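Everything below concerns the one structure shown next.
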Amino acid sequence: MLGFLVALQIIGLVVASPRTSDPSEKCYFNPLPSIPSSTANRSIPWGEPTIHFANGTTCCSSLDEIRVQLDTIDAQLLQLLSTRASYVREATRFKATVSDVNVPSRNEQVIQGAVDDAPSVHLPQIVAKSVYEGIINSSVVFEECIFNTYAGNHLNTQRV
């Protein structure tokens, strides 16, 4: 799972630079702090860039540039999720009963591992928790469907 988190950071060859004097650092850990909503009107862009490329430049000069990069990352995430789903499907072959598909203790181990590893790649823990809960919950439903589909086919072939 740390590998998946590192892959998310590597695929863009980008490093979000953690700064100890950055007041937003507290937003990277659970629980999130209670911060009142801002009513400030800021000149755009505000703050300093936090994404630094290997060549020494920073991102980004416009919201459009950011959206292009996010679209690229989203396409890469879809490919990674597709690969993950292939392994989930493959794992189903090693499970004898449908109850073996959903193992809450394993699910929680994977989710908690992502939350624990998130700071090492400067990913907010709330993002890691929410994303992994979604990945695990949808993977269980997908895997149950695969299991039940093949269990039904197996039973049908034995009756013939």
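Is it the case that segment 41-51 has a residue that's part of a loop (DSSP other than H, G, I, E, B) and within 25 Å of Lys129 (Cα to Cα)?
yes
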In the set Tyr87, Tyr132, the lone residue that is assigned to a helix (DSSP H, G or I), of a type in the set (Phe, Trp, Tyr) and open to solvent by 80 Å² or more (accessible area, probe 1.4 Å) is Tyr87
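Every residue, every condition in (1) surrounded by 11 or more Cβ atoms within 10 Å (Cβ to Cβ); (2) at pLDDT below 85, yes or no:
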| site | (1), (2) |
| --- | --- |
| Val6 | yes, yes |
| Val14 | yes, yes |
| Cys27 | yes, no |
| Ser38 | no, no |
| Asn41 | no, no |
Suppose we keep only residues that are open to solvent by less than 40 Å² (accessible area, probe 1.4 Å) and farther than 12 Å from Phe142 by Cα within segment 90-117. Which one would you say is nearest to the chain's Cα centre (by Cα)? Ala114
Are there any pairs, at least 6 apart or on different chains, whose C-beta atoms fall under 6 Å, with the first in segment 87-100 and within 12 Å of Cys145 (Cα to Cα) and the second open to solvent by less than 80 Å² (accessible area, probe 1.4 Å), and if so, which? Val88/Ser139; Val88/Glu143; Arg89/Ile146; Thr92/Glu143; Thr92/Ile146; Thr92/Phe147; Val98/Phe147
Look at Ile136 and say whether it is at pLDDT 95 or above, closer than 20 Å to Tyr28 by Cβ and under 18 Å from the mean Cα position of the chain (by Cα). no
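The values are calculated or read from the model by the stated rules, or taken from the named source; none is laboratory data. Since we're looking at a predicted model, the values are computed, not measured. All Cβ positions, glycine included, derive from the backbone under ideal geometry; neighbour counts span all protein chains shown. Each accessible area value is taken on the protein alone, full model and side chains, heavy atoms only, with ligands, DNA and RNA left out. Shrake-Rupley method; radii C 1.70, N 1.55, O 1.52, S 1.80 Å.
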